[in-house]
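The values are calculated or read from the model by the stated rules, or taken from the named source; none is laboratory data. Everything numeric in this text was worked out from a predicted model, so none of it was measured. Ligands, DNA and RNA are excluded from the accessible area calculation, which covers all protein heavy atoms including side chains. Shrake-Rupley method; radii C 1.70, N 1.55, O 1.52, S 1.80 Å.
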Amino acid sequence: MIKLLYIAQKLIVKLQKLVGINRIRKSSVKFQMGSNWFSITDDLARYVISKKPWIQKTFNFTANGDELFLQTIVENSNFKKRLYFNKYDDKERYEDGPSREANQRLIIWDWTTHKPTNLTMKNHSQIMDSDLLFARKFVPDLDTQIIEEVLKSINHK
């Protein structure tokens with residue numbers, strides 16, 4: 001079913017291009033894409049909520065809108081000056097290794113399944129050596145020891 005939807009989406013986009021439909025051509029908004037994993041300040045959260053009608057109107061029929069709306073809002077606001085990392089996604093580093101400097105998350109992707117790898121004790125040194133703030137993905141039923149070790153290291157700091 002998902003594959004059928006993917007194919008339908010691609011066909012609809014090609015059809016739109018053929019007949020000259022471009023939903024952003026006349027827009028003064030600079031659209032930006034990035035990770036849908038993010039941490040934001042209270043001020044930015046309130047600003048985003050104030051933009052709800054615009055978000056709904058602009059991204060209603062958008063594929064992967066969760067990877068567009070927040071970054072687009074930041075890109076077109078004064079919040080852009082306050083980014084910790086001046087890119088919305090560090091895709092170049094991300095494909096070569098586990099680092100996610102833009103959103104401070106250690107995620108090790110399995111590129112064959114396009115899913116995050118479950119972190120276990122075999123990833124212990126990567127986790128402990130990382131200067132990132134978060135890590136994904138821990139599965140208690142798979143490996144409780146890694147969770148205990150991470151918690152122990154946090155409690156000792």
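Taking every pair of alpha-carbon atoms in region 35-81, what share in percent sits in each 10 Å bin, from 0 to the bin with the longest distance?
26, 61, 13
Roughly how many Å² is the accessible area per residue of the chain, as a whole number, for a 1.4 Å probe?
Values: 11730 Å² over 157 residues.
Solvent-accessible surface per residue comes out at 75 Å².
Roughly speaking, what is the stretch gain from LYS115 to LYS137, that is 0.36 nm per residue apart minus the C-alpha to C-alpha distance, in nm to one decimal? Numbers along the way, then the final one.
Numbers: separation 22, 0.36 × 22 = 7.92 nm, distance 0.98 nm.
So the extension gain works out to 6.9 nm.
Amide H to amide H, which residues 5 or more places from LEU106 or on other chains are under 5 Å from it, using H placed in the peptide plane?
PHE134, ALA135, ARG136
Quick check on the chain: helices-only [θ] at 222 nm, where DSSP H runs of length 4 and up contribute -39,500 (n - 2.57) each and the sum goes over total residues. Nearest 500, please.
On the way: 7 runs with 65 residues, N = 157.
Mean residue ellipticity, 222 nm, calculated: -12000 deg cm²/dmol.
Could you pull the accessible area for LYS10 with a 1.4 Å probe, rounded to 10 Å²?
Near enough 100 Å² of accessible area.
If you roll a 1.4 Å probe over region 1-44 with all protein chains in place, what percent of the accessible area is carbon or sulfur?
Working: 2590 of 4020 Å².
C and S fraction of accessible area: 65 percent.
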